[in-house]
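In what follows, a structure is listed as structure tokens, so that the remarks can point back to it.
Every number in this text was worked out from the coordinates using simple rules, so none of it is lab data. Since we're looking at a predicted model, the values are computed, not measured.
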Amino acid sequence: MTYNRRERMTLEIIILICSSALFALATAYIVKLWHVPLSSWLFGSEWDRDRPRPVSQKRSTIAMYGIPPFFTCILTIVDLALYRTRSLPLVYAVSITSVTAAGWVVVLGIWGDCLGNTPEYMWAQCYEDYLETNGDGPVGISTAFNGVMLTLVCLILTTYLVYIGIAARDFHRAKKLATGKGTRIGQSDDVELS
């Protein structure tokens, strides 16, 4: 297959920088969330008994905000190490980036709901629902902070979409070359362009 290793490594580095920054911001966000007082309506007669308890929701913030950027950092480091040491089949690039981009679409939807703090449109169960608010979101957490986190998610997703486009282009180009040579797509004799 023919692909430009430098192009892919550049995209991986952009993803690594964004996901590392997002992990740091998500960690700070989790810490801030855990210090915001619970809403006063929790202790009144309006409490909906069918809703999950705030304690279980509080613990879930670690998984919800911490795992996606952490997993992306690990995956990107592994990809960079693999691209540095050997050529990878184009099928790997197309499949892994597609699955990861789909995951980030889901993350954007859930985080957009929770960080946007629009209860009338929420479809996700957010810990933010249980917190004291100042009209724009949980007390002590600025909407600009949430905006930066969502912007980084959008940047990661956009980079993955560009990556998928480049990988698909390279796959199509390789398929055309393989048709002329009579070789199969996905063989280990990948050729890289500098």
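In whole Hz and in residue order, list the ³J(HN,Hα) couplings for region 61-67 that follow from phi through the Karplus curve 6.51 cos²θ - 1.76 cosθ + 1.60, θ = phi - 60°; x for Gly and Pro.
5, 5, 5, 5, 9, x, 5
Using each residue's phi in region 97-114, evaluate 6.51 cos²θ - 1.76 cosθ + 1.60 at θ = phi - 60° and report the 3J(HN,Hα) Karplus result to the nearest Hz, with x for Gly and Pro.
These are the phi-based 3J(HN,Hα) values: 5, 5, 5, 5, 5, 4, x, 6, 5, 5, 4, 4, x, 5, 5, x, 5, 6 Hz.
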